[in-house]
Amino acid sequence: MHSAFDVAVVGAGIFGLATAAELAERGKRVAIVDRFGSGHPATSSTGRSRGIRIAYDHPFYVTLAMDAIRRWRALEDASGEQILHLTGQVDFGLDSKLAAIAAAVREAGGVIDELDAAGLSRKLPHLLSAPEDKGLFHAQAGTVLSDTGMAALKAKVLAQDVALFEPERVVAIEPGDPTLVVTEKRRIHAETVVIAAGPWSGALLDQLGIVVPLAPSIAQVTFIAAPELVDQPGIGEWGGDGEGLGGVYGHPVPGIGYKIAFSTGQKGWSPDVAEWQADPQEQARLFAWLDRRMPEFPRQVRLTQRHPWTMTPDGDFIVDRAGPIVLACGCSGHAFKFGPALGPLVADGKQAHPLLARDRTSLTGRTVAADDAITR
Ligand SMILES: Cc1cc2nc3c(=O)[nH]c(=O)nc-3n(C[C@H](O)[C@H](O)[C@H](O)COP(=O)(O)OP(=O)(O)OC[C@H]3O[C@@H](n4cnc5c(N)ncnc54)[C@H](O)[C@@H]3O)c2cc1C
């Protein structure tokens, strides 16, 4: 079967769907092919919730997050579904990181308050803090109900007459004019091909001679039954607790519980290995952290979810172009919140920002340890 489109998007995760929605809005004929189908546990954009915050240490991400909140709200209006639950966020941990976050948020025009130890305790009564501890609080943060957000974005894409082929695997891409995308079932011609294949992006790009350092790893999140915490702020711990574990983050999820997890991937993961059963050791590690930092926090587990993410060495995404191929990958464990705001970044079909360049010096010649912590 042959068909022709302006753009073929490989992957219907958050990057792919957001890109397709934006391209269709710009009048392009778009096809998306997804190997597993959205919602499959092997994909990164699957799960009940994702944290959202504007607390970043670079104004680029702060501005993008503010844009994302506006766009998620527009998607709520269009779909009639609640997607955001914003209760604010308290950040704590490394002083240097907190200072960088406060500076970047203010530079981008956002509001963030500094907290001393007493302020930290007021905002997060469960957290054990020392008199010298400091923190930050900002209101533009909380939870994206990610399954609902994905469904709303997918409905938008389908209403725009985007051709969605799932489950269907892209097996080969032959760059040219037009470029040929070969799937298990069809051959698609397109002027531009967007690689938004999450953990599989590295392998697809390798086949095209485009080498970028990507390291997929597994991450596990735990939802604790805690209806009394549903309006409490999310948390973001930067730099871990001095034991090399990476930080912990969390947020309240209406109807489920308080989600809490480490900001490190657990271990390297080959994307083609089906390995997404909950790991009791990871949960024990999380409870050990709670014993040290939040001993009064509730402990009844409602749900555990385990999915992959894909780190770059510097924690920034890759959104760039190589001939007819557009790269939209390297989520580094923090892309979901940007949701519909990722669409315009990728749809422009060029390097989105020097931070996201595929040949930036912080990528060249570097590899990434799969269990590196999220640093952005
Ligand atoms: C447990 C966990 C917690 C997270 N928490 C947060 C958070 O709190 N806040 C936040 O902002 N982000 C968070 N993230 C990160 C966020 O979810 C990811 O950055 C984002 O979902 C990445 O989306 P993606 O579109 O790049 O990848 P994916 O969602 O994996 O999409 C890629 C798609 O490509 C398809 N595909 C692959 N190969 C092929 C092929 N050959 N042919 C066709 N299709 C193909 C796959 O089927 C898949 O659907 C978390 C991630 C995990 C796993």
*Considering only the range 290-303, how many residues are crowded, with 18+ Cβ neighbours inside 10 Å and within 16 Å of the ligand (Cβ to nearest atom)?*
0
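Residue-by-condition table, conditions (1) over 30 Å from Val7 (Cβ atoms); (2) open to solvent by 40 Å² or more (accessible area, probe 1.4 Å); (3) hydrophobic (A, V, I, L, M, F, W, C):
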site	(1), (2), (3)
Ser96	yes, yes, no
Asp113	yes, yes, no
Pro125	yes, yes, no
Val144	no, no, yes
Met150	no, no, yes
Val157	no, no, yes
Ala163	no, no, yes
Arg169	no, yes, no
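Name the residues in the range 25-40 that are more than 13 Å from the ligand (Cβ to nearest atom) and open to solvent by less than 20 Å² (accessible area, probe 1.4 Å), would you? Reasoning before the result, please.
Kept after step one, since they are more than 13 Å from the ligand (Cβ to nearest atom), are these residues of the range 25-40: 25-30.
Correct list: Val30 only.
Out of everything in the range 185-198 that is of a type outside the set (A, V, I, L, M, F, W, C) and more than 9 Å from the ligand (Cβ to nearest atom), what residue ends up being surrounded by the most Cβ atoms within 10 Å (Cβ to Cβ)? Outline the logic, then answer.
Within the range 185-198, the subset of a type outside the set (A, V, I, L, M, F, W, C) is 185-187, 189, 191-192, 198.
Then drop every residue that is not more than 9 Å from the ligand (Cβ to nearest atom), which leaves 185-187, 189, 191-192.
Numbers: Lys185: 10, Arg186: 15, Arg187: 14, His189: 16, Glu191: 16, Thr192: 21.
Per the stated criteria, the residue is Thr192.
Look through Phe287, Phe338 and report the one residue that is aromatic (Phe, Trp, Tyr), out of contact with any strand residue (DSSP E or B) (no Cβ under 8 Å at 6 or more places or on another chain) and surrounded by fewer than 19 Cβ atoms within 10 Å (Cβ to Cβ).
Working: Phe338 fails: surrounded by fewer than 19 Cβ atoms within 10 Å (Cβ to Cβ).
Of the residues listed, the single one that is aromatic (Phe, Trp, Tyr), out of contact with any strand residue (DSSP E or B) (no Cβ under 8 Å at 6 or more places or on another chain) and surrounded by fewer than 19 Cβ atoms within 10 Å (Cβ to Cβ) is Phe287.
Can you tell me which residue in the range 41-64 is surrounded by the fewest Cβ atoms within 10 Å (Cβ to Cβ), limited to those that are aliphatic (A, V, I, L, M) and within 9 Å of the ligand (Cβ to nearest atom)? I'd like the intermediate steps shown before the answer.
Step one: list which residues in the range 41-64 are aliphatic (A, V, I, L, M), which gives 42, 52, 54-55, 62, 64.
This time we only want the ones that are within 9 Å of the ligand (Cβ to nearest atom), so: 42, 52.
Values: Ala42: 19, Ile52: 28.
Among them, the one singled out is Ala42.
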*Can you name the residue in the range 257-269 that is of a type in the set (Phe, Trp, Tyr) and assigned to a strand (DSSP E or B) and is also farthest from Ala197 (Cα to Cα) among such residues?*
Tyr258
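The values are calculated or read from the model by the stated rules, or taken from the named source; none is laboratory data. What you see is a predicted model, and the numbers here were worked out from it, not measured in a lab. Every residue, glycine among them, receives a Cβ derived from its backbone with ideal geometry; neighbour counts consider all protein chains shown. In case anyone asks, the SASA skips ligands and DNA or RNA and just uses the protein heavy atoms, side chains included. Shrake-Rupley method; radii C 1.70, N 1.55, O 1.52, S 1.80 Å.
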